[in-house]
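Structure first, commentary second.
The values are calculated or read from the model by the stated rules, or taken from the named source; none is laboratory data. Not measured: the values here are computed from a predicted model. Note: ideal-geometry Cβ built from the backbone for every residue, glycine included; neighbour counts use all protein chains shown. Heavy atoms of the whole protein, side chains included, go into the accessibility calculation; ligands, DNA and RNA do not. Shrake-Rupley method; radii C 1.70, N 1.55, O 1.52, S 1.80 Å.
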Amino acid sequence: FYTMHNNYDQDLLMIENLFSFKKGDNIQIPVLASYFREVSDVKVQIYKYNNENDFVTAVTDQMQSMSYQSLVEISTRGLTKIYDAKYLSDELADGVNGYDKVINVDAVLEEGYYLVTIQENDVTYYTSIQINDIMGYVSYFDDKCIVWVNDSSINSVIPNASIYRNGEYIGITNSKGYIEKDNFDCEKITFIRYFFSFLYNFYKIVYVKV
């Protein structure tokens, strides 16, 4: 979910700018250090968004930035701080899949939307977390795209889910939980991701309201 930065004269951490978890999942945030250095002590703070619209606006603005997205500041004004902790470097778990370390957040987060700030060596990174059981997928072809929505808690499709692209309503899912659209800029869709209801690609932001 992150854009790798190209400014290698800065010794930055690589942190994805959005994480999705199902209800009850352990919250784990993987980090990667550049220049083959060790990850230092980190300070982690978690804030809860008051509503999904504030979350959508903040994540959309961050994702549309052309800079390294986790360095794009997201204001904590009006948000509720629910977690504040410091993790020493030797308390961080070893990473997997190419990451150096994993921050295992020792907090139980209820369903909702959260902003996380991670401070290391006087640099603050911003990432977001959504907790829900909605899963979304996009399949794209030469002349059409299919958006499919599923409730992972009951392993069932979600009919009548409203689909939006860049804020523009494009329709609802059918009884089988998907919507098929022609001329959906299919040739441009890459880096597909999903969240709150968002399905994110480099050119378009598609989200679902259930």
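Here is a yes/no grid of residues against (1) free of Cβ contacts under 8 Å to residues at least 24 places away in the same chain; (2) in contact with a Lys or Arg (Cβ under 8 Å, 6 or more places away or on another chain):
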position	(1), (2)
Ile129	no, no
Gly136	no, no
Tyr140	no, no
Lys144	no, yes
Asn150	no, no
Ser153	no, yes
Val157	yes, yes
Ser162	no, yes
Arg165	no, yes
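So for region 72-94 (the condition being in contact with a strand residue (DSSP E or B) (Cβ under 8 Å, 6 or more places away or on another chain), acidic (Asp, Glu) and buried (at least 20 other Cβ atoms within 10 Å of the Cβ)), does at least one residue qualify?
no
Identify the single condition in (1) out of contact with any Ser or Thr (no Cβ under 7 Å at 6 or more places or on another chain); (2) in a helix (DSSP H, G or I) that Asn50 does not satisfy, given that it satisfies every other one.
In the conditions (1) out of contact with any Ser or Thr (no Cβ under 7 Å at 6 or more places or on another chain); (2) in a helix (DSSP H, G or I), Asn50 misses (2) alone.
So, Tyr49, is that one in contact with a strand residue (DSSP E or B) (Cβ under 8 Å, 6 or more places away or on another chain) and open to solvent by less than 30 Å² (accessible area, probe 1.4 Å) or not? Quick ask: steps written out before the conclusion?
Values: in contact with a strand residue (DSSP E or B) (Cβ under 8 Å, 6 or more places away or on another chain): yes; open to solvent by less than 30 Å² (accessible area, probe 1.4 Å): yes.
Yes, satisfied.
Going residue by residue through region 60-71, is there one that turns out to be part of a helix (DSSP H, G or I) and surrounded by fewer than 17 Cβ atoms within 10 Å (Cβ to Cβ)?
Our first condition is that a residue be part of a helix (DSSP H, G or I); within region 60-71, this holds for 60-63, 69-71.
Retained after the next criterion (residues that are surrounded by fewer than 17 Cβ atoms within 10 Å (Cβ to Cβ)): 60-61.
Looking through region 60-71, at least one residue is part of a helix (DSSP H, G or I) and surrounded by fewer than 17 Cβ atoms within 10 Å (Cβ to Cβ).
Say we look at region 156-174 and pick out the residues that are at positive phi and more than 21 Å from the chain's Cα centre (by Cα); which of these is modelled with the lowest pLDDT? Let's see the steps before the verdict.
Kept after step one, since they are at positive phi, are these residues of region 156-174: 160, 166-167, 171.
From the residues that got through so far, the ones that are more than 21 Å from the chain's Cα centre (by Cα) too are 160, 171.
Values: Asn160: 89, Gly171: 85.
The qualifying residue modelled with the lowest pLDDT is Gly171.
Conditions first: (1) touching an Asp or Glu at 6+ places or on another chain (Cβ under 9 Å); (2) more than 29 Å from Asp151 (Cα to Cα); (3) open to solvent by 60 Å² or more (accessible area, probe 1.4 Å). Val42 passes all but one, so which condition is the exception?
The single condition Val42 does not satisfy is (3).
Would you confirm whether any residue within region 187-194 is at pLDDT 80 or above and open to solvent by 30 Å² or more (accessible area, probe 1.4 Å)? I'd like the intermediate steps shown before the answer.
Taking region 187-194 first, the residues at pLDDT 80 or above are none.
So far as region 187-194 goes, no, none of its residues is at pLDDT 80 or above and open to solvent by 30 Å² or more (accessible area, probe 1.4 Å).
Of all residues in region 130-163, which are open to solvent by 60 Å² or more (accessible area, probe 1.4 Å) and touching a Leu at 6+ places or on another chain (Cβ under 9 Å)?
Listed by number, the list holds a single entry, Tyr137.
Could you list, ordered by first residue, the pairs with Cβ atoms under 7 Å in which the first is in region 105-121 and open to solvent by 90 Å² or more (accessible area, probe 1.4 Å) and the second is among the polar types (S, T, N, Q), at least 6 apart or interchain?
Correct list of pairs: Glu111/Asn132; Asn121/Ser40.
Out of (1) at pLDDT below 85; (2) farther than 19 Å from Leu18 by Cα; (3) not basic (Lys, Arg), the odd one out for Gly177 is which?
(1)
Scan region 17-42 for residues that are at pLDDT 85 or above and not in a strand (DSSP E or B) and jot them down.
Lys22, Lys23, Gly24, Asp25, Asn26, Val39, Ser40, Asp41 - these are the residues of region 17-42 that are at pLDDT 85 or above and not in a strand (DSSP E or B).
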